[in-house]
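Some notes on the structure that comes next.
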Amino acid sequence: MREAVPGLPGVHRDAPDSLLKQVDQDLEAGTDKLLLFGVPGEKRIWIFVSDFTARQIEALRKRFGDDLWIAVDVCLCSFTTHGHCGVLNREQDHVINDASVEQLARASLEYAQAGANCVAPSDA
């Protein structure tokens with residue numbers, strides 16, 4: 001189901017089925033490029049699973065093929081319980097850079113293998 005994002009008029013969060021419908025409409029309107037921001041249903045503290053977003057990329061690629069150019073945001077903030085863009089230490093008072101980069105690189109590879117044309121590393 002599609003739902004509005006509070007505080008961002010005109011911006012919506014799509015479920016897998018509404019995402020495909022929205023992209024259909026976008027293509028009909030002449031928009032053939034998108035930037036996907038994956039938001040998983042389950043948030044975590046340390047180990048992040050990016051398969052939900054990868055499955056959406058695969059579904060888009062399967063349905064629209066090369067008619068659609070897909071970029072995907074690579075950031076950890078939407079995956080974490082704490083909202084920070086990285087893996088925190090056990091005390092949760094600072095980001096562990098190496099662990100964060102490892103998670104980001106893994107997600108980037110998974111998205112590319114799923115069919116993304118571009119990985120957009122907004123996590124800095």
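FYI, it's all coordinate maths here, none of it is from the lab. What you are looking at is a predicted structure, and each value in this text was computed from that prediction instead of being measured. Glycine also receives a Cβ, built like all others from the backbone with ideal geometry; neighbour counts cover every protein chain displayed.
Things to note:
- Per-region count, the stretch 91-111, residues hydrophobic (A, V, I, L, M, F, W, C), free of Cβ contacts under 8 Å to residues at least 40 places away in the same chain and surrounded by fewer than 16 Cβ atoms within 10 Å (Cβ to Cβ): 5
- So GLY41, is it exposed (fewer than 13 other Cβ atoms within 10 Å of the Cβ) and within 16 Å of ASP14 (Cα to Cα): yes
- Members of the stretch 19-41 found to be under 30 Å from LEU104 (Cβ atoms) and assigned to a loop (DSSP other than H, G, I, E, B), listed by number: THR31, ASP32, PHE37, GLY38, VAL39, PRO40, GLY41
- Of the criteria (1) touching a helix residue (DSSP H, G or I) at 6+ places or on another chain (Cβ under 7 Å); (2) surrounded by fewer than 12 Cβ atoms within 10 Å (Cβ to Cβ); (3) more than 21 Å from CYS118 (Cβ to Cβ), which one ASP67 fails: (3)
- The numbered conditions (1) loosely packed, with under 13 Cβ neighbours inside 10 Å; (2) closer than 22 Å to SER122 by Cα are all true for GLU28 except (2).
- Conditions (1) surrounded by 13 or more Cβ atoms within 10 Å (Cβ to Cβ); (2) more than 23 Å from GLU3 (Cβ to Cβ); (3) among the acidic types (Asp, Glu): number failed by ASP73: (2)
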